[in-house]
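Structure first, then comments.
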Amino acid sequence: MRKRTALKITGRVQGVGFRPTVYRYAREFGLAGHVFNDPSAVIIEAEGDAETLRLFIDKLECSPPPLARIESITSTDISLENNTGFSILPSASNGSVFLEVPHDLATCANCRRELFDPSDRRFKYPFINCTNCGPRFTIINAVPYDRDRTSMRTFTMCKECQDEYDDPANRRFDAQPNACAVCGPKLSLIDAAGKPISGDPLDKTIELLQSGAIGAIKGLGGYHLACLATTDTAIAALRLRKHRPHKALAIMFASASAAAQEVFLSADELSLLQSPERPVVICKRKADSRLSSQISPDTNDIGVMLPYTPLHLLLLEKLSPLVMTSCNRLDEPLACDEKELQSLLGTIADFALTHNRPIVRRCDDSVVKIAYGKPLFIRRSRGYTPDIIRLPFSGPAVLAVGGQLKNTFCITRPYQAIISQHIGDLDEFTTFTFFKESIRDFCDFFKVAPRIIAHDLHPDYASTRFAQALEADRKIAVQHHHAHIAACMAENQLTKPVIGVALDGTGYGDDGAIWGGEFFVGDLGGFTRAAHFEYFPLPGGDAAIEHPWRSALGYGIAQNIPEVKDLLAALYPQIPLSEIGVVIGMINQKLNSPLTSSAGRLFDVVAALFGLCATATYEGQAAIRLQQIADTACKEAYPFTIKNESNTDIIYFADMVRSILMDLSKGADKSAISARFHNTLTQAIVQECLALRAGQKINSVALSGGVFQNDLLLERTIAELSKADFAVYHHTKVPPNDAGIALGQASMALAQVQNKE
Ligand code: ZN
Ligand code: ZN
Ligand code: FE
């Protein structure tokens, strides 16, 4: 029986080669009809034998183009037109565009083959791409996604490229960045003074890098700083110039097999490393690795990635591995155009390998590790932005401005949240400018006009002040750790009440203290603080975050453990005794010594007692060093106490700290002490969750907060909670750190608006 069916397919179906695939399948099955993009979906009308139609739909569902993500397919039978042939019709572009915008994609296998094929017309062309790969988010000015609305608009295709672009059977049909050496972007090489360097830009770059120079190399979302990854001298120079003495640097390898010689790669890590999103994957360095120890002096964790542009492929083929770190000054945004590059040339970079395809949108590399068999995002940016996070509810458009550090912001559409790329630390003026520009960009790009603004409770966050100055129907302040838990709930589609465990650095609490070791009960509509870690003073506030010994001193005095002071004085002879005396005075007189329940600061206390860190040169350094030495085979823990005080459980760790001091004085193995510390936190979480389950009859636990970037703690905590039959939810789509809180703010704002209605 002959039938004609209208199909409507939603999801990530634009810019991923969907229509040509439909076209090919329809021709294969001999169906008549057409396909086109409408503002909200791909629309297909197909006519043929009923059974063939069914096979066609099955095939589309089972083998869509590799990068598509089908959200829904609806089909309606319509009247026959008895025509023949199948065609691709132009897009219907009126109305609001609600399609998903594709993210940037690593060079595909077909393009890579052509790139290295001497008989191919794009042999060694550093901008080769096709319908299945290449830049997207970082070159699109506006949607619908057409070449005219990308930074490729100034490059007019040559006849051969145009023919490919126009042919539905060609794998470059409708590939907006399609280009070749005749008509497309070109490389150029410039020296520290910005003057062109003669010769082949690639060969010359390799020569310069080999001689130990540091180069700025234009990538998809900005410039990288590149240098050899196997020699200490270039890396030492890079660290000096970037004012980044210890924080780990990412490494790019020519291939997965080259990476596997230096780091351990599990099957999960390998597939993440090779995925079209191509994030930086954090892996464990092998003992016999020839990588410079300067790459990550604090830890065996190394950020590894594979080439994701043809330029990377050409470069790494000749010279691998390379350090590939963001090209910026400390805390400033990644350089993404020639003007920003200028001030870095001669000061940070010795030369630049650049090109004339503009970057429309700055986008840093994403950073992911595998924990408990799932991705654990440290940074979610290139390759993932602007992928949509499904929300369990609808509602009006919300803008959530996020936090202060590792900022991202978030906008919502019905059932959808779109989180920005990594913005950074808003303390820095240039980053704050990037933040403001990006919010405007997102609202224009996604055609969202938010009337509800969500922000942190902290009055002094730059994001909060920005939100307060905006015009809106409603502004909703969301407590920092409520937002962390809400983010975990939103990405896990949880709407029922949970026990939320937020272990974090610092966040403003509603009692004026600095929170960060929190247990909540509630749902997206609101949370109650059911328990928290004990308070102790942070002498100097931010100064204590920078100097972990201050936190240790604050803890020792608050808990009346005088040995702490003596131990610190012995461990850090570089700190004058007079300074220690001043800090003790501050604590005793409660001068600029805010109280904190922060789990991150508790890590600082313990790391300081180990002599691991007097001054942190980056956020989380003390905790990273402490985790690094932990003996993962050790399953013991230290004692702790939970006391109920005015209906809130307070978890005290003084017994643990005393035991640690005792073990240290006995000269016990530090790796076992570190492991016991981690295990103690896990036990405290489990015991408190058991108590809350008994009282509240809630069995779901949501884990969030920056401390859960520590995979040892996260994995042990998930395992132990699961053993106690809890349903455990953690982050696998957005980071547990402050890059996740915008999603939480938006979700809580939406829930509150709904509750009011
Ligand atoms: Zn390709
Ligand atoms: Zn061409
Ligand atoms: Fe936080």
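General observations
- Any hit, the stretch 26-42, residues being among the hydroxyl-bearing types (S, T, Y) and open to solvent by less than 20 Å² (accessible area, probe 1.4 Å): no
- Taking first residues from the stretch 179-195 that are within 7 Å of ligand 2 (Cβ to nearest atom) and partners that are among the small types (G, A, S), no Cβ contact under 9 Å between residues at least 6 apart in sequence or on separate chains turns up.
- Being within 22 Å of D350 (Cα to Cα) and either within 16 Å of ligand 1 (Cβ to nearest atom) or under 29 Å from the mean Cα position of the chain (by Cα) (or both) holds for only one residue in I190, I217, I197, and it is I217.
- Of the residues examined, P450 is not one that is touching a Pro at 6+ places or on another chain (Cβ under 9 Å), at negative phi and not assigned by TED's automatic domain parsing to the domain that holds H480.
- At least 3 residues being of a type in the set (G, A, S) is the threshold, and among the helices (runs of 4 or more DSSP H) wholly inside the stretch 612-727 those reaching it are 654-665, 670-696.
- Only listed residue being more than 15 Å from ligand 2 (Cβ to nearest atom), of a type in the set (K, R) and open to solvent by 40 Å² or more (accessible area, probe 1.4 Å), chosen from R112, R136: R112
- Scanning the stretch 426-463 for residues that are open to solvent by less than 40 Å² (accessible area, probe 1.4 Å) and not in a helix (DSSP H, G or I) yields L426, F446, V448, P450, I452, I453, A454, H455, D456, Y461.
- Residues (open to solvent by less than 40 Å² (accessible area, probe 1.4 Å) and over 30 Å from N588 (Cβ atoms)) located in the stretch 520-537: F520, V521, G522, L524, G525, G526, F527, A530
- Qualifying residue in the stretch 78-95 (condition: within 16 Å of ligand 1 (Cβ to nearest atom) and open to solvent by less than 60 Å² (accessible area, probe 1.4 Å)): no
- Search result, residues across the stretch 712-725 that are open to solvent by 10 Å² or more (accessible area, probe 1.4 Å) and in contact with a helix residue (DSSP H, G or I) (Cβ under 8 Å, 6 or more places away or on another chain): L712, R716, E720, A724
- Residue within the stretch 121-130 that is surrounded by 14 or more Cβ atoms within 10 Å (Cβ to Cβ), of a type in the set (S, T, Y) and either part of a loop (DSSP other than H, G, I, E, B) or within 15 Å of ligand 2 (Cβ to nearest atom) (or both) present: yes
- Top-ranked residue of the stretch 274-317 - restricted to ones that are among the small types (G, A, S) and either in contact with a helix residue (DSSP H, G or I) (Cβ under 8 Å, 6 or more places away or on another chain) or not in a strand (DSSP E or B) (or both), ranked as most open to solvent (accessible area, probe 1.4 Å): A287
- Of the set (1) within 16 Å of ligand 1 (Cβ to nearest atom); (2) at pLDDT 95 or above, all apply to N132 but (2).
- Test: T205 is over 27 Å from K186 (Cβ atoms) and either in contact (Cβ under 8 Å) with a residue 60 or more places away in the chain or not polar (S, T, N, Q) (or both): no
The values are calculated or read from the model by the stated rules, or taken from the named source; none is laboratory data. Just so it is clear, the model here is predicted, and its values are computed rather than measured. A quick note on method: Cβ atoms are made from the backbone with ideal geometry, for glycine too, and the neighbour counts reach across all protein chains shown. Protein only, heavy atoms only, side chains kept; ligands, DNA and RNA dropped before computing areas. Shrake-Rupley method; radii C 1.70, N 1.55, O 1.52, S 1.80 Å.
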